[in-house]
Every structure is written in structure tokens, then in C-alpha cells.
Amino acid sequence: MTKKLRWGLIGASNIAREWMTASINGNPDCEVVSVYSRDAERGAAYAKELNLARSFIDLAAFLADPELDAVYISTTNEKHEQEAVAAAKAGKHILCEKPLALTAESARRILEAAKEAGVVLGTNHHLRNMESHRAIRDVIQSGQLGKITSARIGFTVDLPEKLARWRLNDPTTGAGVILDLTVHDMDLLRYYFGADPIAVTGMGITSGNAQHGIKDNVMTIWQFPDDLLVVCQDSFMVPFGGTAVEIHGTKGSISGDGILWQKPQGRVDVSDAQGSHEIRVRHLVPYDRTITDFVAAVRGTGVPSVTGEDGLRALELALAATVAIETGKTVRL
Ligand code: NDP
């Protein structure tokens, strides 16, 4: 019988508490055994709450645990590189949160360290693992919408207190909507269209409670090959609007309502010459698929749902949006 993958959490985070620990422990091939936190009290309380055997405040000691096979990194973004490189050097497989890092160079160093160590590296962009988005991609790829001419992503949310902590006030973490939401849009659009954008322009605003010029309301326009234009509306300033996806082709349109959350929910509709009809989706927790695919990659029978290269590409695109917004110019990619 194959030994279970033993996981350690790097970061006593909200997402590990609310989603990832359940998805890892819910996989019969996996078990979360430890957590690394910079704060002894927070780490110990977290380990107790999630029923983890061990908590550490020393990263080297955490990684030296011979029982550990894989780590899930969900600290704030500026820490990902140092932790991922250390994990790779310790021979641990790595599932790292998005954005992989704050700069493309930093993300590349993660990819190089993983490659050199021969460990699996996955990026936790979850949207392409949602059944709703998989259904949309299938419709796009089937050709039934004709030639796709335009699309819109409305990732319009607000931030509850527990998420707002660093996202609105700490520039050192890569705070703001671009590295939080636009980066997800980029992974999703690459997944939908099987292509990378060729140009971006945009505007961004610091409003609401954001500080230090952190952008909490951003609109970017992306040109994809074959005359396809996409607008991404990413905002932390929308408490009641809901999220939206629209893809328009010459023979039909597909839309997704409420499908950009972490919780699997919402509906997908197609409109064409025959009228409008809902595409029934059997919603599943996207992170479960992330873990299943990651385990297959470790076992040598598959690849991560979102690879390190995918994570790097989404980051590069989000950073290009930042340049476009800061310079007021269109960035050619
Ligand atoms: P949190 O703010 O919950 O946690 C980040 C770090 O903050 C933790 O590692 C912890 O440090 C510290 N921390 C946690 N709680 C407190 C507290 N009450 N007071 C002081 N410090 C605290 O981060 P998120 O879970 O929101 O995000 C973590 C990462 O996951 C980010 O990279 C983010 O982009 C990504 N993310 C991805 C999502 C996805 O769907 N793929 C969704 C949400 C987030 P320590 O570990 O040292 O204890």
C-alpha cells in the first residue's frame, strides 16, 4: 500500500483553516500533520483547533521533520519565495498560494528551486478547478458560441474584517486587488481560451479604506489573439453586487452568475438562436481537485491542476496590468 502524503501548513492562515485543511484531510491519500507559524501562541492554538499533531515557530525545524512529504504555503505573499525555496531544498513537494511571489524574478527562483530539488510545485489558483468554470470552458472550446469576440469578468466583492487585515494597508505584502483578484482572472482566462493575452491597459483607484495608494478598485482591458477583447472589473468595494462572467461569441453567449467565490455555487446560462437555457452544474469544492491532481503529480501519474509555470504566467500578467495602470499606457506582452 502507498504511504499517505504527510502535509505541513506554512502559515496559520484563514484559507488553510476554512478550506485547504479539509480538502487535504478529505483526500484518502493525505493527512495534515503540522503547522509553521511565526507566533508560538497562534500556531499552538491553530494546531489544536485543526487537530494537528505538531506546531513549529522555526521553519528549519518544521522542514526537518522526516515525516513531512509536502507543504502548503499560505502566508502573506512576500514570504512565499523564501519559504518555498527552503521547502524545495528540504525535499518537500510544494503547493503554494497565489500570487506565487511579488515579482516574476522571485517566482522564477521558486520554479528553479523546485526543479533543482525534483519536487512537485503547484499554484493554488482554484477557479479552473470549479465545475462551473470547467463547464464554461467546455462550451467555449466546443465552438458552439462561434468566434469569441468579447468577455467580461466582474470579480466584485467586499472584504470581511478577517480578510481585510493586510489586503488594504500593507504594501509590503503585495496588497490590493491586482495580486489578489486580477491574478486569478488571468489564470481563468488562460484556461478558458487556451491562449495568453497580447496587450493590456487599465485604470486603478485607491478608495474605500485602502491606504498607501493600494488599489482596491481596478479595471483592465486585455487583448487576446484573434481580435478578442476582455474587460476585468476587480474590486473590493462591492458588498451587494455579486460576481459575474460573460463570454460573447458570434453564435451565442455564456454567462456565469455568482461563480467567482471560493464556495462552489452559482449558475451558468447559454443564450443563442434557440433561446436561453441553464447548464446544470454539479458543484464541488475546487480545492479537492487541487489536492487530487497534486497527489497524482507526486505519484508520477499526473500534473498539478495549476503548475508553477501557470502561477508564474498569471503573476507576470497581473504585474503587466500594474505597469499599465501606473504608466497610463498600453503594455504589449
Ligand atoms: P491570513 O491573513 O489569514 O494569513 C496570512 C498570515 O497572517 C498567516 O500566515 C499568519 O501568520 C498571519 N495571521 C493570521 N491570522 C492573524 C491574526 N489574527 N493576527 C495577526 N496575524 C495573523 O491570509 P489569507 O488566508 O487571507 O491569505 C493567505 C494566502 O492565501 C495569500 O497568499 C492569499 O493571496 C492566498 N489566498 C488564496 C485564495 C485562493 O482561493 N486561492 C483565497 C484566499 C487567500 P503566521 O503564519 O506567521 O501565524
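Of note:
- If you go through segment 237-296 and keep only what is surrounded by fewer than 16 Cβ atoms within 10 Å (Cβ to Cβ), of a type in the set (Lys, Arg) and within 15 Å of the ligand (Cβ to nearest atom), you end up with just 263.
- Search result, residues across segment 134-162 that are without any contact (Cβ under 8 Å) to a residue 24 or more places away in the chain and within 15 Å of the ligand (Cβ to nearest atom): 160, 161
- Residue list for segment 163-183, restricted to those being in a helix (DSSP H, G or I), buried (at least 17 other Cβ atoms within 10 Å of the Cβ) and either within 10 Å of the ligand (Cβ to nearest atom) or modelled with pLDDT under 95 (or both): 164, 167, 173, 179, 180, 181, 183
- Members of segment 210-227 found to be more than 16 Å from residue 171 (Cβ to Cβ) and among the acidic types (Asp, Glu), listed by number: 226, 227
- Top-ranked residue of segment 1-58 - restricted to ones that are buried (at least 17 other Cβ atoms within 10 Å of the Cβ) and part of a loop (DSSP other than H, G, I, E, B), ranked as farthest from the ligand (Cβ to nearest atom): 27
- Options 128, 137: the member that is within 15 Å of the chain's Cα centre (by Cα) and among the charged types (D, E, K, R): 128
- Close pairs (7 angstrom Cβ cut-off, 6 or more residues apart or separate chains): free of Cβ contacts under 8 Å to residues at least 40 places away in the same chain in segment 287-309, outside any helix (DSSP H, G or I) and within 14 Å of the ligand (Cβ to nearest atom) anywhere: none
- In segment 274-290 there is no residue that is in the same structural domain as residue 147 (by TED's automatic domain parsing) and closer than 17 Å to residue 152 by Cβ.
- Near pairs, Cβ below 9 angstrom, 6+ apart or cross-chain, from segment 38-50 (closer than 12 Å to residue 13 by Cα) to any residue that is surrounded by 12 or more Cβ atoms within 10 Å (Cβ to Cβ) and of a type in the set (Phe, Trp, Tyr): 43/36; 43/56
- Taken together, 103, 206, 149, 182 contain a single residue that is in the same structural domain as residue 237 (by TED's automatic domain parsing) and within 24 Å of residue 13 (Cα to Cα), which is 182.
- Test: residue in segment 189-197 that is closer than 19 Å to residue 125 by Cα, among the charged types (D, E, K, R), in contact (Cβ under 8 Å) with a residue 60 or more places away in the chain and assigned to a strand (DSSP E or B): no
- Scanning segment 268-298 for residues that are over 12 Å from residue 27 (Cβ atoms) and part of a helix (DSSP H, G or I) returns 286, 297.
- Residue, nearest to the chain's Cα centre (by Cα), within segment 249-284, restricted to residues that are closer than 14 Å to residue 134 by Cβ and charged (D, E, K, R): 282
The values are calculated or read from the model by the stated rules, or taken from the named source; none is laboratory data. These figures come from a predicted structure and were not determined experimentally. For neighbour counting, all protein chains shown are included, and Cβ atoms are generated from backbone atoms with ideal geometry for every residue, glycine included.
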